[in-house]
Amino acid sequence: MANTEGIERFIDEAKVDAVLAAGQDRSAAHVREVLAKAREMRGLDDADVSVLMGISDPELLGELFDAARFVKDTIYGRRLVLFAPLYVSNLCGNDCVYCAFRVRNREVTRRALTQDEVANEVRVLVEQGHKRVLLVAGESYPSEGFNYVLKCVETIYQVKVGRGEIRRVNVNVAPLDVDQFKALKATGIGTYQLFQETYHRGTYGRVHLAGKKRDFDWRVTAMDRAMQAGIDDVGIGVLFGLWDWRWEVLALLQHIRHLEARFGVGPHTVSVPRMEPAIGSDVASHPPKPVSDIDFRKLVAILRLAVPYTGIIMSTRETANLRRETFALGVSQISAGSRTNPGGYEEEDAKKEFEAAQFQVGDHRPLDEVVRDVASMGYIPSFCTGCYRLGRTGADFMDLAKPGDIKQHCDPNGLSTFMEYLLDYASPETRSVGDALVDRVLGDMEGKPGATARKLVEAVCAGKRDVYV
């Protein structure tokens, strides 16, 4: 086992098993008591979460979804953040049975982008209107090793296309040691993201057959090292479908509480990917513990109530329809126009995408169509990166989120970045839908947030860019 720097095991499997076996009171009256508690936005304990997991009555399920909508709207307002994943390499030294990048898979076409190719991918994304990306790489690098990732971050920030640029790079790469995390932080990244995949040790051992990723403890303590290194915005997640989703949610909450206890702040985001088909993987096409659509919607809503101040990310693994349904259940960030193969944005080659992608996406719509759809639903498509650059991260962000004050920044900033998109990148149809939304939102906003939003939007319309509070 790798050295985990003295951290005791904080995923208590026996406790999770006990909660699930306890047979909680799931009467309608008790469910409503838990939902009333959830609306106070102070989070839920394991017994509360277990009660909500057992809901099957359609009326109570509707009340669960209503509570999640209330909490999400109260804390985050109308904005929905958009980003794109940028896969720079699918080289990998691990053998994870569910992933196309696994080292023994001979069906996938391997590729690591050069820095010029990374820049070309970024130009395509900037020309589409993106302002933030999530850098993703398989857990192995070209000859320069981890420095390859640092160079990629630097390259992304250097690309300018007209008025456009990537203003924030988030990163999803293999677990690092503290010194490497410090070097990563020095590049100016936003959030460091890493999924445990499954918190169930037995399952973890069965699906990770070789490579450094086989070490459960090295991976689960990665966020401790990242936060020790000064990266105070971290993102965690589970690959749902490997083990019982109820078990995984309870273990995920243990991980969150561990970070809160040790560092005073939990993760900035939680991701909820479900397993999707991947070339060279039978397991990915037939998940051991599949999660139904209704259970998936339920777990999103439960997470929103259990950790109300943590962002929830929904990827393009899911279909457009299911993504729409989860916006009101707690999702606060979505990817759009995604490609999961290195070079996928510049090449737009369906055959190459299939042969080199990590998994199959469910929502193939381009960014402009997603933006138009989000706006037509009344949400503000946001490309904002203001909090990162003003230092509203980690505990400072949570201090604003917990009393519900963060939306006083999110709504005006989101609206100004949306206006940038409408003026610089939107199709005529999206511009029409977007202008109507901006007018409606400005008409609804009162007091200081409304005045701030109008000022920012007017500045953008006058030709200024990257204005935020």
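Every test in (1) over 30 Å from Glu165 (Cβ atoms); (2) more than 23 Å from the chain's Cα centre (by Cα); (3) buried (at least 16 other Cβ atoms within 10 Å of the Cβ) is passed by Asp25 save one, and that test is (3). Of the residues examined, Leu456 is not one that is modelled with pLDDT of 70 or more, part of a helix (DSSP H, G or I) and closer than 22 Å to Ala84 by Cα.
Restricting the range 270-310 to residues that are surrounded by 20 or more Cβ atoms within 10 Å (Cβ to Cβ) and polar (S, T, N, Q) leaves a set whose member that is nearest to Gly237 (Cα to Cα) is Ser271.
Asp405 fulfils the conditions (1) surrounded by fewer than 19 Cβ atoms within 10 Å (Cβ to Cβ); (2) modelled with pLDDT of 85 or more; (3) part of a loop (DSSP other than H, G, I, E, B) except for a single criterion, (2). Scanning the range 150-188 for residues that are small (Gly, Ala, Ser) and touching a Ser or Thr at 6+ places or on another chain (Cβ under 6 Å) turns up nothing. Take the range 75-91 and flag every residue that is in contact with a helix residue (DSSP H, G or I) (Cβ under 9 Å, 6 or more places away or on another chain) and either farther than 28 Å from Val370 by Cβ or part of a loop (DSSP other than H, G, I, E, B) (or both). Residues satisfying the conditions are Gly77, Arg78, Asn90. Applying the criterion of being within 29 Å of the chain's Cα centre (by Cα) and part of a helix (DSSP H, G or I) to the residues of the range 443-453, the residue that is nearest to Gly164 (Cα to Cα) is Ala453.
Could you say which residue among Gly138, Gly145, Gly188, Gly202 is under 19 Å from the mean Cα position of the chain (by Cα), surrounded by fewer than 16 Cβ atoms within 10 Å (Cβ to Cβ) and closer than 24 Å to Met223 by Cβ? Just a single option satisfies the conditions, and that option is Gly188. Taking the conditions (1) modelled with pLDDT under 90; (2) in contact with a strand residue (DSSP E or B) (Cβ under 6 Å, 6 or more places away or on another chain); (3) over 30 Å from Ala100 (Cα atoms) in turn, Tyr379 satisfies each one other than (1).
Quick check on Val126: is it under 23 Å from the mean Cα position of the chain (by Cα), closer than 22 Å to Gln193 by Cβ, touching a residue at least 40 places away in the same chain (Cβ under 8 Å) and outside any loop (DSSP other than H, G, I, E, B)? So Val126 fits the description; yes.
Would you say Val51 is aliphatic (A, V, I, L, M) and more than 30 Å from Val371 (Cβ to Cβ)? For Val51, the condition - aliphatic (A, V, I, L, M) and more than 30 Å from Val371 (Cβ to Cβ) - is met. Consider Val108 carefully, then state whether it is buried (at least 23 other Cβ atoms within 10 Å of the Cβ) and assigned to a strand (DSSP E or B). No. For beta carbons closer than 7 Å, sequence separation of 6+ or different chains, a first residue in the range 285-303 that is closer than 16 Å to Val49 by Cβ and a second that is of a type in the set (Asp, Glu) and assigned to a helix (DSSP H, G or I), the qualifying pairs are Arg297/Glu325. Scoring Ile156 on the criteria (1) part of a loop (DSSP other than H, G, I, E, B); (2) touching a residue at least 60 places away in the same chain (Cβ under 8 Å) leaves a single failure, condition (1). Filtered by the rule that a residue be surrounded by fewer than 19 Cβ atoms within 10 Å (Cβ to Cβ) and not in a helix (DSSP H, G or I), the range 412-442 gives a lone residue, Ser427.
The single condition among (1) farther than 29 Å from Val265 by Cα; (2) at pLDDT 90 or above; (3) surrounded by 15 or more Cβ atoms within 10 Å (Cβ to Cβ) that Met445 does not satisfy is (2). Candidates in the range 293-348 are the residues that are assigned to a loop (DSSP other than H, G, I, E, B) and of a type in the set (Gly, Ala, Ser); of these, the one that is nearest to Asn120 (Cα to Cα) is Gly343. The set of residues in the range 78-89 that are of a type outside the set (A, V, I, L, M) and within 18 Å of the chain's Cα centre (by Cα) comprises Arg78, Arg79, Phe83, Pro85, Tyr87. Of the residues making up the range 229-240, one or more are over 30 Å from Val108 (Cβ atoms), surrounded by fewer than 21 Cβ atoms within 10 Å (Cβ to Cβ), at pLDDT 95 or above and not charged (D, E, K, R). Residues of the range 198-231 that are assigned to a helix (DSSP H, G or I), over 11 Å from Cys96 (Cβ atoms) and hydrophobic (A, V, I, L, M, F, W, C): Phe216, Trp218, Val220, Ala222, Met223, Ala226, Met227.
When Val220 is tested against (1) in contact (Cβ under 8 Å) with a residue 60 or more places away in the chain; (2) within 30 Å of Phe383 (Cβ to Cβ); (3) of a type in the set (Val, Ile, Thr), just one condition goes unmet, and that condition is (2).
The values are calculated or read from the model by the stated rules, or taken from the named source; none is laboratory data. Here the structure is a predicted model, which is why all the values come from computation and not from measurement. Heads up, the Cβs are rebuilt from the backbone with ideal geometry, glycines too, and the neighbour counts pull from every protein chain shown.
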